[in-house]
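Just so it is clear, none of the values below were taken in a lab; they were calculated from the coordinates. If you're wondering where the values come from, they're calculated on a predicted model, not measured in any experiment. Please note: Cβ atoms are built from the backbone with ideal geometry, for glycine as well, and neighbour counts cover all protein chains shown.
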Amino acid sequence: MKFLWGMALLLCALVFYYAAVLNIGYENTKLLDLRPYPDATEYFAQAKSLAAGGLPKIQIGFDKLPSQYPMGYPVLMLPWLKALPEPDSVLAPFRANQTIGFLMLILVFAFYSYLKRPLAGGVAALLLATLPAFFTYCRSSLSEISASAFVYGAFAFVYLGLKRERRWAIYTGAVLLGFAFNIRAQMLFFIPLLLAMAIFPVPTSRIRWFAHCSGCLLSFGLAVSPTFALNALQFHDPFKTGYHFWNPALFERHLLFLPKHIPWHLTMLWNYCTLQSTEFNVAHMFGTGTYYVPAYIALLLAGVTFLRWERFTLCALTAALVFFIATMFYAFVDGRFYLPLLVVSVALAVLPVEWAMARVCHGRQKLAAFLILLIFAAACTGYPSNSEYKPLLRGRSQAWDALHFTRAQLSSPRFMGQRWFTKMCARNPGIVFSTINPVYLNALLPKPFIAAAVEPYGWSQIWRYRSEDALALARYGVTHSTPVYALFTSLEEATSVGPRLPRVDGYQWTVTSAARYGVILNLTPVSER
């Protein structure tokens, strides 16, 4: 009977996930513009570079440059880049996250069923599917959900290793945590989870104990090695990253992790709990901007009373606490950085619900069980909550809003602009100046088109793109008989930004095409008036 109830809850989770995530028509949203910049565009550009057989690079003009971000998430896009037709390749980051989210729901249920707790598995799948942060980032083109999936897997295998006394499971957890580091470097702060090998319950000699502890760390080290190897190849130092290349000031002034950032993080988290969040955040691009609701926090607090204080509890809480404190020290304040903790915390939220379902019909604590189930229902429906920016009324249901996810704008202007440009100019490839992100354009435009920015790009002290570089590209085009274009997404943009295009003596910018999706200019000799 418990298995049937668990399957029923899993089916509810999958139906909701299909309606809220899998059924989205991305062509009817602005999401194909791959915002926020530069995160989503650089992930996608790296994946396209890998699919072409090169290193994970981004391109601006003729220069192929390292990205700010690790290569783990772009690697996960590769199967979808191979499967999708080239015109639809922009869907790869979304399809990758949708797939990962779907697999997580199935594997969460399978994990609890393996532990002979199928009812808890159904509850966990439903709580996860309806967690606003989860379904929001399963729709996204960002790496948060993929990193969280590997972290959850690491926790699950470490739990199995300690529960069933199987060291191989802890080794597997170490490898999964290493893979998560390749997606987002902040996952390194979960490393106290590997203390599980040191406190493994089976007695052994000191030599074997030391060998297993070393082997666990070695497994983790091998799993993270691709990132360090790529850093060494690109920057000649395994500990230097794309952040050092593009934004060195954060490291030179030691501004990245400071205690002064804690109040801002605490204020943000408290505002989500009390429905007072009014600031714009990345989640507004893919959902309503809400990460969790008060009912879910109430379940977590209730779950603390059901915790069994054992070896895994020590490792898990230590790892979660270290990650939480490190994130609160982080200079950038955004709820998405807490997503791994929210995903892992589902295991804690399940405990009171599992207890309540066993006692709602039988036992002395029917009232307490009924109240917990009421909170569970509120958590699954995401009620009460606030939505959108600026927030609508606070009495919103996140589940209802998730099932009606739309955007007033029915197209992605930058994506549609580059697609229209490709159709118009595919026979005469050349250099393209545009206000559309050049990394994005170079990833989507067919070769040998070369996209460059109109304005100065980036803050790197090592590589610079300035007005003189744009002028050099324009001169290169005219001296090599290569067409030089300018692409704008509207006539207003062409009017305001056009005067800042590079000026080449003897040549002028003339409008050659104008349509709903944009305006195309050509750099032509003055004599061709």
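In table form, for the structure just shown:
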item: Members of the range 253-280 found to be among the charged types (D, E, K, R) and either surrounded by 11 or more Cβ atoms within 10 Å (Cβ to Cβ) or touching a helix residue (DSSP H, G or I) at 6+ places or on another chain (Cβ under 9 Å) (or both), listed by number; result: E279
item: Residue within the range 244-253 that is among the small types (G, A, S), closer than 27 Å to C138 by Cβ and touching a residue at least 60 places away in the same chain (Cβ under 8 Å) present; result: no
item: Some residue of the range 480-500 being of a type in the set (K, R) and in contact with a strand residue (DSSP E or B) (Cβ under 9 Å, 6 or more places away or on another chain); result: no
item: Residue tally, condition surrounded by fewer than 24 Cβ atoms within 10 Å (Cβ to Cβ) and more than 17 Å from A110 (Cα to Cα), over the range 336-347; result: 6
item: Residue in the range 443-461 that is closer than 17 Å to G61 by Cα and among the β-branched types (V, I, T) present; result: yes
item: Helices (runs of 4 or more DSSP H) lying entirely in the range 227-330 (those with 1 or more residues that are over 30 Å from R394 (Cα atoms)); result: 242-246, 249-252, 311-328
item: Residue that is touching a helix residue (DSSP H, G or I) at 6+ places or on another chain (Cβ under 6 Å) and not aliphatic (A, V, I, L, M), where the choices are F421, F415, F433; result: F415
item: Looking only at the range 459-471, and only at residues there that are surrounded by 13 or more Cβ atoms within 10 Å (Cβ to Cβ) and of a type in the set (A, V, I, L, M), the one that is nearest to N247 (Cα to Cα); result: A470
item: Some residue of the range 453-460 being free of Cβ contacts under 8 Å to residues at least 24 places away in the same chain and touching a helix residue (DSSP H, G or I) at 6+ places or on another chain (Cβ under 8 Å); result: yes
item: Leading residue by the ranking (surrounded by the most Cβ atoms within 10 Å (Cβ to Cβ)) among those in the range 1-60 that are of a type in the set (V, I, T), part of a helix (DSSP H, G or I) and touching a residue at least 40 places away in the same chain (Cβ under 8 Å); result: T41
item: Count of the range 153-211 residues which are farther than 20 Å from G72 by Cα and within 25 Å of the chain's Cα centre (by Cα); result: 6
item: Residue ID - nearest to L501 (Cα to Cα), chosen from residues in the range 396-430 that are of a type outside the set (D, E, K, R) and touching a Ser or Thr at 6+ places or on another chain (Cβ under 6 Å); result: G430
item: Filter pass, Y69 being in contact with an Asp or Glu (Cβ under 6 Å, 6 or more places away or on another chain) and at negative phi; result: yes
item: Scan of the range 472-493 for residues that are surrounded by 13 or more Cβ atoms within 10 Å (Cβ to Cβ) and among the charged types (D, E, K, R), ordered by number; result: R475, E493
item: Selected residue (only one of R427, R466 is charged (D, E, K, R), more than 28 Å from the chain's Cα centre (by Cα) and over 27 Å from L250 (Cα atoms)); result: R427
item: Residue that is buried (at least 21 other Cβ atoms within 10 Å of the Cβ) and in contact with a Leu (Cβ under 8 Å, 6 or more places away or on another chain), where the choices are A283, A316, A331; result: A316
